[in-house]
Amino acid sequence: NKVVGVFTQGHDVTESYKASIALQEADRRKDEFLAMLAHELRNPLAPIGAAAELLQRVKLDEDRVKKTSAVIGRQVKHMTGLIDDLLDVSRVTRGLIALENGVVDIHQVVSEAVEQVSPLIRTRRHELTLRLTSQTALVQGDKKRLVQVLANILNNAAKYTAEGGILLASRLTRDG
């Protein structure tokens, strides 16, 4: 038998390869987001748990019950926002996490972050000293993310400071 011709067929896989790389990147971003979110969801649980325990163990006057209830309410609201982020994972895979940029009172950010980390600080018997200006200190940013960042910093400081240690937050003023 004699060969009378050769036939070759080629197929360009460039688009398929690019799509595969894009899917891998989207999957990596989703995994990073879920890991970050899982970490963030733990922070508000500490003050909620501490408040619930306080309500069960101690007979509280009406004012203390209101304050404890307010802590629970604020932290549940914070968690609801985080869960809303989780429910819209598609934004992450498309790189569309939207920040709610606005004018934020830094004292409120500090207060909410400290509230989240207070149970850990108490458990580890730390002394937390805050030196804040009495003046209003406004910043431009996303309040939820600013609270998350500061709570993470305080949480790490509490975790990695020896029991009974001192945590000091520097002064927040307009001039530094």
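The rows are residues; the columns are (1) modelled with pLDDT of 90 or more; (2) open to solvent by less than 40 Å² (accessible area, probe 1.4 Å); (3) outside any strand (DSSP E or B).
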residue	(1), (2), (3)
V92	no, yes, yes
I97	no, no, yes
G102	yes, yes, no
Q108	yes, no, yes
S111	yes, no, yes
V114	yes, yes, yes
R122	no, no, yes
R131	no, no, no
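Of all the criteria given as (1) free of Cβ contacts under 8 Å to residues at least 60 places away in the same chain; (2) assigned to a helix (DSSP H, G or I); (3) hydrophobic (A, V, I, L, M, F, W, C), the one not satisfied by A26 is (1). Summed over segment 142-171, residues that are assigned to a strand (DSSP E or B) and either at pLDDT below 85 or surrounded by 17 or more Cβ atoms within 10 Å (Cβ to Cβ) (or both) total 6.
Yes or no: segment 4-22 includes at least one residue that is open to solvent by less than 100 Å² (accessible area, probe 1.4 Å) and of a type in the set (D, E, K, R).
Within segment 4-22, the subset open to solvent by less than 100 Å² (accessible area, probe 1.4 Å) is 5, 10, 13-14, 16, 19-22.
From the residues that got through so far, the ones that are of a type in the set (D, E, K, R) too are none.
Checked segment 4-22: no residue is open to solvent by less than 100 Å² (accessible area, probe 1.4 Å) and of a type in the set (D, E, K, R).
Quick check on segment 42-60: of everything there that is of a type in the set (K, R) and part of a helix (DSSP H, G or I), which residue is most open to solvent (accessible area, probe 1.4 Å)?
Taking segment 42-60 and keeping what is of a type in the set (K, R), we get 42, 57, 59.
Adding the requirement that they be part of a helix (DSSP H, G or I) leaves 42, 57.
Working: R42: 145, R57: 176 Å².
Filtering first and then ranking leaves R57.
The values are calculated or read from the model by the stated rules, or taken from the named source; none is laboratory data. In this text the structure is predicted, and so the values were computed from the model without any measurement. Neighbour counts are summed over all protein chains in view; Cβ atoms, including those assigned to glycine, are modelled from backbone coordinates with ideal geometry. When the accessible area is computed, the model is the full protein with side chains, heavy atoms only, and any ligands, DNA or RNA have been set aside. Shrake-Rupley method; radii C 1.70, N 1.55, O 1.52, S 1.80 Å.
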